[in-house]
Amino acid sequence: MKHVDLHVEQAVGVGKGYFIEESPPGINLLIELRNEGDRLLRLVVTRFNAPTLTFDVQPHSDFAVGIASVQTVGIFVPGDGKGPGKGRLTLIPNFAQINLS
């Protein structure tokens, strides 16, 4: 898998999966979520033989994390009301092994 950059737009109360790795033990990913809307975005990451991780990304902010053994990456827009959650999701595999020079 190469680096992936996805546009996210989904309604309040909706969860959506954006990545799945079917083969254990998963993949190492750098995950960046840029919240471009007025709603909280909840990043949900499941991992092989490890607890699920959740991160709340506040409106108009950026969040990035490197995680090993990733099985799935999803986003949930909690709350009620109108207006979608919006942002950009970037996934970079095996970031630790990339030579940036």
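Is it true that Lys86 is at pLDDT below 95 and more than 10 Å from the chain's Cα centre (by Cα)? Steps first, answer last, please.
Numbers: at pLDDT below 95: no; more than 10 Å from the chain's Cα centre (by Cα): yes.
No: the conditions fail for Lys86.
Quick grid of which residues meet (1) closer than 13 Å to Leu91 by Cα; (2) within 13 Å of the chain's Cα centre (by Cα); (3) in a loop (DSSP other than H, G, I, E, B):
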residue	(1), (2), (3)
Lys16	no, yes, no
Glu22	no, no, yes
Pro25	no, no, yes
Leu29	yes, yes, no
Glu32	yes, yes, no
Val45	yes, yes, no
Ala68	yes, no, no
Thr72	yes, yes, no
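Could you tell me which residue of the range 6-37 is most open to solvent (accessible area, probe 1.4 Å), considering only residues that are at pLDDT 95 or above and of a type in the set (Asp, Glu)?
Looking at residues that are at pLDDT 95 or above and of a type in the set (Asp, Glu), I get Glu9.
On the given criteria, is Thr46 surrounded by 14 or more Cβ atoms within 10 Å (Cβ to Cβ), within 17 Å of Lys2 (Cα to Cα) and of a type in the set (Ser, Thr, Tyr)?
Values: surrounded by 14 or more Cβ atoms within 10 Å (Cβ to Cβ): yes; within 17 Å of Lys2 (Cα to Cα): no; of a type in the set (Ser, Thr, Tyr): yes.
So Thr46 fails the test.
The values are calculated or read from the model by the stated rules, or taken from the named source; none is laboratory data. All values derive from a computational prediction rather than experimental measurement. Neighbour counts run over all protein chains shown; Cβ positions are idealised from the backbone, glycine included. Accessible surface is based on the protein model in full, side chains and every heavy atom, while ligands, DNA and RNA are left aside. Shrake-Rupley method; radii C 1.70, N 1.55, O 1.52, S 1.80 Å.
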